Amino acid sequence: MDVLLLHPPAVKPAEPPLGVAVLLAHLRSRGFSAAVLDANLAAYLYLFDPGRLKQAAGPQPATVVRRALRHSAAALDLLRSPAALASFARYSTAVRHLNTALAVWDGNGGGERLTLGDYDRAGLSPFAPADLERLAAGEAPSLFARYFEEELLPKVEALRPRLIALSVNYRHQVLPAFELAGLLRRRLPAVPVVGGGGLFTSWRQMLRRLDLRFSCFSRIVFGLGEEPLAALAAGDTPVGDYFLEGAGEVGFLPDYSFARFADYFSPVPVLPVSASRGCYWHRCLFCPEAASPTHPYAVLPPASFPELLGELAGRHGVRHFHFADNALPVGVLRRLAAGGGPPGLSWHGFVRFEKALLDPDLVAGLAASGCTMLQLGLESGSQRVLDRLRKGTQLAEVAAILANLKRSGIASYVYVMLGTPGETEEDADLTLRFLEEHAGAIGFLNLAIMNLPRESGLLTDPAADIADSELLGEDEPLGLYRSFAPAVGWGRREARRFLDRRLLASPAVRTIVQRTPPLFTSNHAFLFPPPST
């Protein structure tokens, strides 16, 4: 085999990974033999094996753990069945049983914590090169080590790849990915191991500035991976180039032939797809994409998108799509609303609060096309804050759009972010007031405290009122965020207190938050539309 693509743990195992599916399609279109192993899903299934759970729990687990272990097999069956849709309470209980059962996999005496989508390890940082080298060298085995050695590595060896590529897109994948890369280099020393994905691309400036090279990776790819992997597979890349910049053709057609959709943790199969890569707005000062884009913006011709959906639905027999764009382009929204797409499909995804959504007919057309839920970044109910963040959003339009979505039966999943530089308690009060006034039109809420990107434009904005900032962690040169001290009294601590004591104390806000699916949140929210929709 020419290329083996690996998707390492730990992320939510709700749907197959889009990134490696697009890479697989591109490599095969170029004539290379390639395959994908979803090591994330396989790792969770390995850890949820009843016999392994019982052994890991020991002779006297806590009562709550014992109860979770007793129900874990039935809970997993329910979570993968449409029967879960009949009762949100039963669904929530099943998710919590599974998450509690994972607590038995504490392989380092309290140092590791795995949930349904997150992984952390005390004493080891995904942003500290020294810690990453320890993992790569096998000096600190994780709770994934047995799965890697007993199940994954034998499968890799059987495929006999000439090149292995690991796609790392989230913080919680970093530590397991480096452990896995180290194991691969020791077991298959003649096979190059390449690292790529959004997380590596976020490190582009730091890695180049420090000329930091990892012992477990033969090459690092930044940005688009299609052409660099094809060049590596063909032997066309200069030997001395450790860092490779992705450029050239952008792929949109994924190949999910590797995916067993019934194995993923979802009551209905979900197929991720995107009509664009990158962000077309690209101006929000709080967003890492504005300061350091993962790759240039590219979009599929809108007229081609319904055809792509029809092809994928026919090939895989999946009826629901997750549009994984940073924000669906307006042209694509108009094409979907105009009809012509395959009948019987449904979808959800991110959009901006665009003026186009003020048109009731367009929104009704989106509903008719199968749109069940739209995810929208409100961030703040203060116009002053939105203007400073360069959101390009007007609150009066936001209110009208939310009302339009509700009338058409489309659930809104709204994201709010407190603690932005320069925010005051008055701004936070305006956010609370806005949410309460429009609670009837909001389906779901994600409430968060802002993390300041290390290269954020807010650092040089006088209106942000940042008195001082520094990278988080002296030993974490790969850290993505900064701590900051506000020039005025309102900071992250005060924002957290406001969220806990004011926002979540509001009956209207609390009602919205409580109907959000636990742990799987937006991945499953479309399955449980609020009563108003």
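The values are calculated or read from the model by the stated rules, or taken from the named source; none is laboratory data. Quick caveat, the model's predicted, so the values are computed rather than measured. Every residue, glycine among them, receives a Cβ derived from its backbone with ideal geometry; neighbour counts consider all protein chains shown.
Residues in segment 504-524 that are within 25 Å of the chain's Cα centre (by Cα), of a type in the set (A, V, I, L, M) and closer than 22 Å to Leu432 by Cβ: Leu504, Val509, Ile512, Val513. Residues that are in the same structural domain as Ala505 (by TED's automatic domain parsing) and under 17 Å from Phe350 (Cα atoms) do occur in segment 417-437.
Looking only at segment 318-344, residues that are free of Cβ contacts under 8 Å to residues at least 40 places away in the same chain and either surrounded by fewer than 19 Cβ atoms within 10 Å (Cβ to Cβ) or on the phi > 0 side of the Ramachandran plot (or both) come to 9 in all.
If I filter segment 11-26 for residues that are β-branched (Val, Ile, Thr) and outside any helix (DSSP H, G or I), do I get at least one hit?
Yes, segment 11-26 contains at least one residue that is β-branched (Val, Ile, Thr) and outside any helix (DSSP H, G or I).
With the structure loaded, tell me whether Glu151 is over 21 Å from Leu124 (Cα atoms) and acidic (Asp, Glu) or whether it fails that test. Yes; evaluated as a whole, the condition is true for this residue.
Taken together, the residues in segment 158-216 that are part of a loop (DSSP other than H, G, I, E, B) and touching a residue at least 40 places away in the same chain (Cβ under 8 Å) amount to 13. Hey, any hits in segment 337-359 for a residue that's part of a helix (DSSP H, G or I) and either closer than 14 Å to Pro306 by Cβ or touching a Pro at 6+ places or on another chain (Cβ under 7 Å) (or both)? Checked against the condition, which is being part of a helix (DSSP H, G or I) and either closer than 14 Å to Pro306 by Cβ or touching a Pro at 6+ places or on another chain (Cβ under 7 Å) (or both), segment 337-359 yields at least one hit. Total residues in segment 416-449 satisfying the condition of being over 27 Å from the mean Cα position of the chain (by Cα) and part of a strand (DSSP E or B): the figure is 0.
Go through segment 31-67 and give me each residue that's part of a loop (DSSP other than H, G, I, E, B) and surrounded by fewer than 18 Cβ atoms within 10 Å (Cβ to Cβ).
Gly31, Ser33, Asp49, Gly58, Pro59, Gln60, Ala62
Within this structure, Glu179 passes the test of being in contact with a Ser or Thr (Cβ under 6 Å, 6 or more places away or on another chain) and either β-branched (Val, Ile, Thr) or under 21 Å from Tyr46 (Cα atoms) (or both).
Residues checked against (1) touching a strand residue (DSSP E or B) at 6+ places or on another chain (Cβ under 8 Å); (2) under 18 Å from Ala400 (Cα atoms); (3) assigned by TED's automatic domain parsing to the domain that holds Ile401:
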| site | (1), (2), (3) |
| --- | --- |
| Gly314 | no, no, yes |
| Leu328 | yes, no, yes |
| Gly331 | yes, no, yes |
| Gly339 | no, no, yes |
| Gly344 | no, no, yes |
| His348 | yes, no, yes |
| Ala364 | no, yes, yes |
| Gln375 | yes, yes, yes |
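Kindly evaluate Ser72 against the criterion of being under 20 Å from Lys155 (Cα atoms) and either without any contact (Cβ under 8 Å) to a residue 40 or more places away in the chain or among the polar types (S, T, N, Q) (or both). No, not satisfied. Of the residues examined, Arg70 is one that is in a helix (DSSP H, G or I) and exposed (fewer than 15 other Cβ atoms within 10 Å of the Cβ).
Got a sec? Which of Leu175, Leu188, Leu124 is modelled with pLDDT of 95 or more and either surrounded by fewer than 24 Cβ atoms within 10 Å (Cβ to Cβ) or more than 24 Å from the chain's Cα centre (by Cα) (or both)?
After applying the criteria, what remains is Leu188.
Within segment 251-274, does at least one residue satisfy the condition of being modelled with pLDDT under 90 and touching a Leu at 6+ places or on another chain (Cβ under 9 Å)? Yes, segment 251-274 has at least one match.
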